[in-house]
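Asks: For reference, the structure I am asking about is given below.
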Amino acid sequence: MRLLILYATDHGSTTGIAERLAADRKRHGDEVTVARLRETSHLDDYDGVIVGSAIHNGQWLPEATHAVDRLSSQWGDKPLWAFSVGSIGATTSFFGEKRTKAVRSRMGEPKAVATLRHTGHVQDAHRFAGAIAPGDWPGAGRVMFRVMGGHYGDARDWDEVDAWAESIHA
């Protein structure tokens with residue numbers, strides 16, 4: 001399968017996940033291209049697309065949202081997979097278990113993923129935790145992060161990324 005992995009990142013966590021997905025799919029024999037969403041203008045050469053973004057305030061980055069709108073006429077019948085990278089993923093989090101469970105149960109889907117579901121053939125959408133350093137958030141965000149019991153570091157679950165990549169097929 002000729003697969004295009006598109007992503008938007010702010011501090012690099014999403015880049016790492018996109019690159020890991022690409023390496024996993026290449027091991028399965030797929031021909032894979034990885035590119036920033038803002039640098040992509042056509043999808044013609046690909047059989048499937050994985051698209052992902054970092055999450056800020058519950059939504060994909062503006063770069064990703066605009067690209068989803070811009071590329072909407074090109075999704076066609078291509079199978080799509082979407083991933084989001086934020087503070088709380090499906091298996092890991094920057095917060096304690098109790099806080100994570102409470103927040104995870106109320107998390108909605110980013111609007112861009114909902115748009116993809118309406119304009120494309122989304123096979124699956126997944127949420128991963130990323131990595132965060134103290135300087136990644138503005139002052140008020142750092143205070144709120146600490147008040148909520150957040151811990152800085154890399155919460156990416158590479159086994160989870162590998163398992164999700166394994167589930168991707170045309």
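The values are calculated or read from the model by the stated rules, or taken from the named source; none is laboratory data. Just so you know, these numbers come straight off a predicted model, no measurement behind them. Positions of Cβ are generated from backbone atoms using ideal geometry, with glycine treated the same way; all protein chains shown enter the neighbour counts.
Asks: Looking for whichever is of a type outside the set (Gly, Ala, Ser) and surrounded by 23 or more Cβ atoms within 10 Å (Cβ to Cβ) here; the options are 3, 43, 61. Which one fits?
Replies: 3
Asks: Given the conditions (1) aliphatic (A, V, I, L, M); (2) under 19 Å from residue 123 (Cα atoms); (3) out of contact with any Phe, Trp or Tyr (no Cβ under 9 Å at 6 or more places or on another chain), which single one is not true for residue 61?
Replies: Condition not satisfied by residue 61: (2).
Asks: For a quick check of your reading of the model, give me the residue pairs whose first member lies in segment 1-20 and is under 18 Å from residue 167 (Cβ atoms), whose second is part of a loop (DSSP other than H, G, I, E, B), with beta-carbon atoms closer than 6 Å and at least 6 apart or on different chains.
Replies: Close Cβ pairs satisfying both conditions: 1/30; 1/47; 1/170; 3/30; 4/46.
Asks: Kindly indicate the residue of segment 100-138 that is in contact with a strand residue (DSSP E or B) (Cβ under 8 Å, 6 or more places away or on another chain) and among the basic types (Lys, Arg) and also nearest to residue 12 (Cα to Cα) among those meeting that condition.
Replies: To start, the set of residues in segment 100-138 that are in contact with a strand residue (DSSP E or B) (Cβ under 8 Å, 6 or more places away or on another chain) comprises 100, 103-104, 107, 109-113, 116-117, 120-132.
With among the basic types (Lys, Arg) added as a condition, the list becomes 104, 111, 117, 127.
Values: 104: 23, 111: 22, 117: 26, 127: 16 Å.
That would be 127.
Asks: Out of segment 101-126, which residues are surrounded by fewer than 15 Cβ atoms within 10 Å (Cβ to Cβ) and of a type in the set (Ser, Thr, Tyr)?
Replies: Scanning segment 101-126 gives a single hit, 105.
Asks: How do the pairs read when you match residues in segment 152-170 that are assigned to a strand (DSSP E or B) with residues anywhere that are buried (at least 21 other Cβ atoms within 10 Å of the Cβ), using Cβ under 8 Å and keeping only pairs 6 or more apart or on different chains?
Replies: Short answer, once both residue conditions are applied: 153/94; 153/132; 154/13; 154/130.
Asks: Condition first: of a type in the set (Gly, Ala, Ser) and surrounded by 14 or more Cβ atoms within 10 Å (Cβ to Cβ). Now tell me which residues in segment 127-139 satisfy that.
Replies: 129, 130, 131
Asks: Given the conditions (1) surrounded by fewer than 21 Cβ atoms within 10 Å (Cβ to Cβ); (2) under 24 Å from residue 159 (Cβ atoms), and given that residue 94 satisfies all but one, which numbered condition is not satisfied?
Replies: In the conditions (1) surrounded by fewer than 21 Cβ atoms within 10 Å (Cβ to Cβ); (2) under 24 Å from residue 159 (Cβ atoms), residue 94 misses (1) alone.
Asks: Sticking with this one: Scan segment 105-130 residue by residue and report those that are more than 11 Å from residue 58 (Cα to Cα) and of a type in the set (A, V, I, L, M, F, W, C).
Replies: Selection gives 113, 114, 116, 122, 125, 128, 129.
Asks: Another question about this same structure. Filter segment 64-89 down to residues that are surrounded by fewer than 21 Cβ atoms within 10 Å (Cβ to Cβ), of a type in the set (Gly, Ala, Ser) and within 18 Å of residue 114 (Cβ to Cβ), then give me how many there are.
Replies: Counting residues in segment 64-89 that are surrounded by fewer than 21 Cβ atoms within 10 Å (Cβ to Cβ), of a type in the set (Gly, Ala, Ser) and within 18 Å of residue 114 (Cβ to Cβ) gives 2.
Asks: A further question follows. Mind listing whichever residues of segment 140-149 are over 12 Å from residue 95 (Cβ atoms), surrounded by 12 or more Cβ atoms within 10 Å (Cβ to Cβ) and either within 21 Å of the chain's Cα centre (by Cα) or of a type outside the set (D, E, K, R) (or both)? Outline the logic, then answer.
Replies: First, pick out the residues of segment 140-149 that are over 12 Å from residue 95 (Cβ atoms): 140-143.
Now narrow it down to the ones that are surrounded by 12 or more Cβ atoms within 10 Å (Cβ to Cβ): 141-142.
Within segment 140-149, 141 is the sole residue that qualifies.
Asks: Please work out which residue is nearest to the chain's Cα centre (by Cα), limiting yourself to segment 150-167 and to residues that are small (Gly, Ala, Ser) and at pLDDT below 95.
Replies: So the residue we want is 153.
Asks: Just to verify a result, which residue in segment 11-37, among those that are charged (D, E, K, R) and surrounded by fewer than 16 Cβ atoms within 10 Å (Cβ to Cβ), is nearest to residue 155 (Cα to Cα)?
Replies: Applying the filter and picking the extreme gives 19.
Asks: Select from segment 36-76 the residues that are free of Cβ contacts under 8 Å to residues at least 40 places away in the same chain and of a type in the set (A, V, I, L, M, F, W, C) and list them in ascending order.
Replies: 37, 43, 71
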